[in-house]
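Chemist: Shown below is the structure under consideration.
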Amino acid sequence: MKNIDINQIKYLYYDEEKSSIEIAKIFDCSPATIRNWMKKHNLPRRPKKEAHKNQTGPPGIDIDLDELVRLYFEKQLPLAVIGAQKGTSGTTIRSKLLKAGYTLRSDRIRSSKFTDTDVSEMERLYLEEELALQMIAERFKCTAVTVGTQLKKRGIRLRNPKQAQVLRQKKEKAGVEESVKSAKVGKSDSVEKTPLPNSQTSELPNSQTFSKTYTPPKRFGKVFEPIPLIPPEEVTPERILQLRQEDDLTLDDIAAVCSLSTVDVYNILIENGSL
């Protein structure tokens, strides 16, 4: 555990109220190492009752465990990607798998993993095929933030939320028109045409997934308003910094809003000098 600022441990333990186990996961070391560092620097431990309360983790989710195992181990999708697909956070998916006794791999994706050919393909998919960052991330088994970071290193300007929404609506409209066209081809002129049910348009991608909100728990007497979940393709380091600095959210809050793991959020903030 080299080159770790004790102030980072103090921040995570006292401000974020994380346990030594959670901090150890962030720094990829053992909980005993964290406790030894705290003892060395005379940092008092929280009472056991309070510590236990902070280790209870996120509530369970009604998601089939076999499906999570298939997505995580067979398809090799990151926790954040699975969480986004299931309408929850990567942290919640992590908790469910750990409670079931599974050993998880490291989800932190380093830029060195991607070759120039990989990044060129990301660029083509984003600019030419106009795919969302989340769709590209699923192909490369990483997070949307990772894809966005790789593209920005190439000097590519990412679509802002309004542009992303317009593109989604354009593709949704094209999909509806294609469905109507296909239906017409299969019908004879003598058969009365049945209008497209309203339910088909309401089930289009992204129409419901990100209409949900997350309400941060009350903290130090401050009550938070519900915050809309951010679509994966709109999650950027800048947006995460805004949630941290302007909205005063904790790492766990940001992870829930952005469908990322707490470790991902921590790494992004560290890389941008915000912790």
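The values are calculated or read from the model by the stated rules, or taken from the named source; none is laboratory data. Because the structure is predicted, anything quoted here is derived from the model rather than measured. Don't worry about glycine lacking a Cβ; one is built from the backbone with ideal geometry, like all the others, and counts go over all protein chains shown.
Chemist: Within region 44-61, is even one residue surrounded by 12 or more Cβ atoms within 10 Å (Cβ to Cβ), at pLDDT 80 or above and in contact with a Lys or Arg (Cβ under 8 Å, 6 or more places away or on another chain)?
Modeler: For region 44-61, residues surrounded by 12 or more Cβ atoms within 10 Å (Cβ to Cβ), at pLDDT 80 or above and in contact with a Lys or Arg (Cβ under 8 Å, 6 or more places away or on another chain): absent.
Chemist: Among the helices (runs of 4 or more DSSP H) confined wholly to region 207-275, which include 2 or more residues that are modelled with pLDDT of 85 or more?
Modeler: Ranges flagged: 237-245, 251-258.
Chemist: Quick one: how many residues across region 111-148 are modelled with pLDDT of 85 or more, among the β-branched types (Val, Ile, Thr) and in contact with a helix residue (DSSP H, G or I) (Cβ under 7 Å, 6 or more places away or on another chain)?
Modeler: The number of residues fulfilling the criteria is 3.
Chemist: Report yes if residue 34 is surrounded by fewer than 18 Cβ atoms within 10 Å (Cβ to Cβ) and of a type in the set (A, V, I, L, M), otherwise no.
Modeler: So residue 34 fails the test.
Chemist: Name the residue that is surrounded by the fewest Cβ atoms within 10 Å (Cβ to Cβ), counting only residues in region 69-99 that are within 18 Å of residue 212 (Cβ to Cβ) and small (Gly, Ala, Ser).
Modeler: It comes out as 87.
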